[in-house]
Each structure stands twice: as C-alpha cells, then as structure tokens.
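One structure is given below, encoded as structure tokens.
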C-alpha cells in the first residue's frame, strides 16, 4: 500500500466566469466538502476548473462580456513523477505548478502552464494526471478493458511489470512490421534479380572505362579507312621528297638563295635560319608519314572486334537511356548495389527473425508471470470490491473476475480480463454495462477508486453529487469510504447530504448574492460554528431546530 500523498489542488482563482465576478480560495489536503443550495453555483466551480483542465470554452462563459475571464489553479506536484512530462513538452518544472486559462471577449482562449503558452491538448494531458472529476454519469470507464486491467494490476502491484511488457510488445510489433516490409521487398526484388543480374553481366563484360569511347571510335575510323589513308600518306610523301619537284628539293633551292642573300646583307640571315628550321621540321614530318604508312595494315578481325564493341556500347546507351560511358558505369554500380542489397536483406531478415524469436520468449515469460500474479489476487480483489459495495447498501451484489488465456500477445499480456456483475442473489453474471444501473455503477466506481487509492498514487478526485438518491445510513457509509480515501489522497465531494458534509476536514459553502441587480456566485470556508449551522440546515430544511443542531454536532464529532 502507498502512504500519504501531498499532491493536491492548493488554490483556485476565478475572475469573470459565469456568475463569478472574482473568487480566490485555498484548499488543504485530506477531504474537503462543498455544499450549497440547488442552483447556488456548485456546478459553476466545476465548469471553471474544467477550463484549466483543457476543456473547450467560448465567450458565453464571460460574466462581463467586455472583460476577459481568467481561471488559475495551483497544484502541489512534488510527490508525483511528472518531471518527464514537463521535459517532453519543453515546460519549466515547478513543484508548485500553475495552470492558467484566459478567455478574451472575442471568444478566443489561451492556455498556460507555469506562464508558458501551451495547446489545449497539452493542458488536457497534464490535467488528467492532476484532477479526476467523478460524477454519476461518468462511469463509462468501468466498462473499458484498459481501466479494468489498471484496477487488477494496481492491486497486484504490477504497474512496472506491465510497463516493461508493453515496451517489449512495442518492440515486438515493430520487428513484425520490419520483417513484413523486408519480405515484401525481397519478394519484389526476387522478381527483378534475374533480369538485373543479366544487365549487370552485360555491362561488366565490356570492362567499361569512362574515357574509352573516343579512342575506340578513333580506332574504328582508322581501320575502316586504311586504303584511303595509305593513299593520302603516299601522295604526301611523294610531294615532299620528289627529286625534281618535291617540297624538300624546292626548299633546298630557297635556302641556297637566301644564304647567298644573307652573305650580301646580314639582315636576311634570319630568313635563311627560318628556312633551315622549316627544312628540319619537314624532314620530321616526312619521317612520321613514312612510319605511319608502314604501320597501316589491313586487319579485318581487329576491325570487326572494335566495330562490334562500339556497337554494343551504342546499344547499351539506348537500352539504359544514357549518352556517356560514365553513366553506364554508374548504372552498373546501381545494379551491383541492388543485387548486393538482396543479399543484405536476406541477412537482415535472418537477424530480425532471430531477434523476434528471442523477444517472443521473453514476452511469453513475462505474460505468464503477469497471468499468474493477477490470477493469485483475483479472489481477494473480488472480496474487497464486494465488501465495499455491501458497505454502500449493495449487500447482494457479487463480482466475477476471470482471466481467459489467449494464444496471441494482447495489450496487457496473453489473457483477456472479464469483469462480470450480478446485482442480486440468483441473478446470472453479466457485463457491467448490461446489468448495473447508474447508481450502482457510481457506487462500484467509488469502491474501485477507494481500492486503488490504497495501492497507487491517484490524482485529486472530485465527487460530484454521486451520493444523490441514497439513504442517510448508506450516505454515511459512502462518506466513511471517502474519508478513508482521503488518508491517501486529496478528496473533494460536492454533496447535498449532511452525513457526507460532516466528514470533511475542510468545508466550503457556495451561495449567491445580489448587488446592484447583479447576481453573483461566491464561496467561503466555514468555521466550526458555521459548519454546525450549515449541516443543521441540511438536516432540518427551512426551520432550523435545536434538535438539528445537536444532530449536526453528533455528525461532526
């Protein structure tokens, strides 16, 4: 069981909301009762509080239409592990945390946590961990499987075990998705593997080099025109070295004449030197032409091989829609990576499958442990719940809580929880939502909350007239249960019953006043004498009697 919690609603300030002009009130821990005549405005307090818990609002909530509404609630949260929430949402963590909501005259609203603007979703998420407003009509959670598991697991002390299991289940499901995706990829890849392998072999066979195309084209061009080239070289050689009309012979004549001119005048010596250089250059050209002519040979096989290779490269250009050998090389790498990826996927699939099987073994063991520990406490839990509801007048009510094993992993283990109820002896057990009345559901929820308060930290709880329609004796038992809960948490109860009101450590009265023709809702804390008067009034009605006062004193004592 857990000890006393200091988490509480410490103060509430309301300005310009509904019938409230300005209200400031502080609260203590333990049990606080709120009373007041029907229509005095107790529901207005809950409405204002709902604003700082993230509920929607519009300008209709404004008391003065031309002024903004401000609702501010201070919470002491030092004993609750809420720091991670603040870190997640980039908020300043304060042990005295302030939630503030503003509604301006145009109907727009703003939300703040410790003076940092937040969305309503963030405010609502935090509010759910701070305040639990429990009314007669708010018992739907009783029929929800998640809530039923939370009750059983709180009683069995399995919260951390369930958290560990669910984290593992999340990883397990993620592995399943990864494996499924890889299998689909592998299936698609397998259909392409053979073709891609053919394409890769086709590219690899050409031993592609980025700069190979131009030399190959040049080689094909040369071998395709050997006869023409030989004729060109032969003509050129003849023109250069012909004994009578060749360029060398003509150049020799020019050089001789210029040498004679240079001997007569030195200024022409440079021309003679240039002719000599031309002669040397022409001799080199002649030598290269003769060498090229000698090297030119007809080689049909080499020509055919080069032509075929060139054509294959042109065909590859067309097949892969590219224009450069470098692009073919890039395509070759892509195909290689794709085929390699198929191998990698197989290895990855094997590794993930092995990891999944190992995790499955752990989850099986965890689920078995959860089942056994839950099953062990069910008889006592059933007995405790029946004891609580019997205390509240449901003496024939019976509960049946069963765990049904499942083959697959579920959200809370490998079982399904079934909570069934029978209101009377001899009645068959059925689902709660089918057989329990609204009043019965409300008392069952109170029983569950009272039980939970002993085993886990609960947020501040506000009971909104859940004791409506019960007798005085039963209401006293309900009040005792609430008071017992207040030993572990902060409890508020809005009530019309004096037996319940008398159990509070702190007592507030909600009432209306009229000033300058305007009606206002106000609230004030009652002192000891005022509590006697208030409870006596609740007992006797309009005529306040001494007997009622004495009865009120008895209730308070």
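The values are calculated or read from the model by the stated rules, or taken from the named source; none is laboratory data. None of the values given here were measured: they were computed from a predicted structure. Cβ coordinates were reconstructed from backbone atoms using ideal geometry, including for glycine residues, and neighbour counts include every protein chain displayed.
Could you list, in sequence order, the residues of segment 73-88 that are part of a strand (DSSP E or B) and either out of contact with any helix residue (DSSP H, G or I) (no Cβ under 7 Å at 6 or more places or on another chain) or not assigned by TED's automatic domain parsing to the domain that holds residue 490 (or both)? Hits for segment 73-88 are 74, 75, 76.
Screening residue 475 against (1) over 21 Å from residue 131 (Cβ atoms); (2) not in a helix (DSSP H, G or I) leaves a single unmet condition, (2).
Please work out which residue is modelled with the lowest pLDDT, limiting yourself to segment 143-164 and to residues that are under 26 Å from the mean Cα position of the chain (by Cα) and assigned to a loop (DSSP other than H, G, I, E, B). Among those that are under 26 Å from the mean Cα position of the chain (by Cα) and assigned to a loop (DSSP other than H, G, I, E, B), it is 144. For segment 268-287, the criterion of being surrounded by fewer than 14 Cβ atoms within 10 Å (Cβ to Cβ), at pLDDT 75 or above and over 23 Å from residue 254 (Cα atoms) is satisfied by no residue at all.
In summary, residue 467 fulfils each of the numbered conditions (1) closer than 30 Å to residue 363 by Cβ; (2) free of Cβ contacts under 8 Å to residues at least 40 places away in the same chain with the single exception of condition (1).
Does segment 28-35 include one or more residues that are modelled with pLDDT of 85 or more, surrounded by fewer than 20 Cβ atoms within 10 Å (Cβ to Cβ) and part of a strand (DSSP E or B)? Among the residues of segment 28-35, not one is modelled with pLDDT of 85 or more, surrounded by fewer than 20 Cβ atoms within 10 Å (Cβ to Cβ) and part of a strand (DSSP E or B), which makes the answer no. Residue under question is residue 512, and the condition is that it be touching a residue at least 40 places away in the same chain (Cβ under 8 Å) and farther than 26 Å from residue 478 by Cβ; does it hold? Judged against the criteria, residue 512 is a match. I'd like the residue in segment 36-63 that is over 36 Å from the mean Cα position of the chain (by Cα) and under 15 Å from residue 102 (Cβ atoms) and, out of all such residues, is modelled with the lowest pLDDT. So the residue we want is 63.
Table: residues versus (1) surrounded by 14 or more Cβ atoms within 10 Å (Cβ to Cβ); (2) closer than 30 Å to residue 402 by Cβ.
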| position | (1), (2) |
| --- | --- |
| 325 | yes, no |
| 331 | yes, no |
| 336 | yes, no |
| 344 | no, no |
| 362 | yes, yes |
| 376 | no, yes |
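Conditions tested, residue by residue: (1) in a helix (DSSP H, G or I); (2) modelled with pLDDT of 95 or more; (3) in contact with a strand residue (DSSP E or B) (Cβ under 6 Å, 6 or more places away or on another chain).
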| position | (1), (2), (3) |
| --- | --- |
| 99 | no, yes, yes |
| 106 | no, no, no |
| 112 | no, yes, yes |
| 125 | yes, no, no |
| 138 | no, no, no |
| 141 | yes, no, no |
| 166 | yes, yes, no |
| 174 | yes, yes, no |
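Could you list all residues from segment 514-549 that are out of contact with any strand residue (DSSP E or B) (no Cβ under 6 Å at 6 or more places or on another chain), in a loop (DSSP other than H, G, I, E, B) and either in the same structural domain as residue 12 (by TED's automatic domain parsing) or at pLDDT 90 or above (or both)? Correct list: 516, 517, 527. Could you give every pair whose Cβ atoms fall below 7 Å, whose first residue belongs to segment 248-261 and is outside the structural domain of residue 276 (by TED's automatic domain parsing) and closer than 18 Å to residue 238 by Cα, and whose second residue is at pLDDT 80 or above and part of a helix (DSSP H, G or I), counting only separations of at least 6 or pairs across chains? Here the result reads none, with nothing in segment 248-261 linked to a residue that is at pLDDT 80 or above and part of a helix (DSSP H, G or I). Would you point out which residue out of 66, 92 is in contact with a helix residue (DSSP H, G or I) (Cβ under 8 Å, 6 or more places away or on another chain), assigned to a loop (DSSP other than H, G, I, E, B), modelled with pLDDT of 85 or more and surrounded by fewer than 19 Cβ atoms within 10 Å (Cβ to Cβ)? Exactly one residue qualifies, and that residue is 92.
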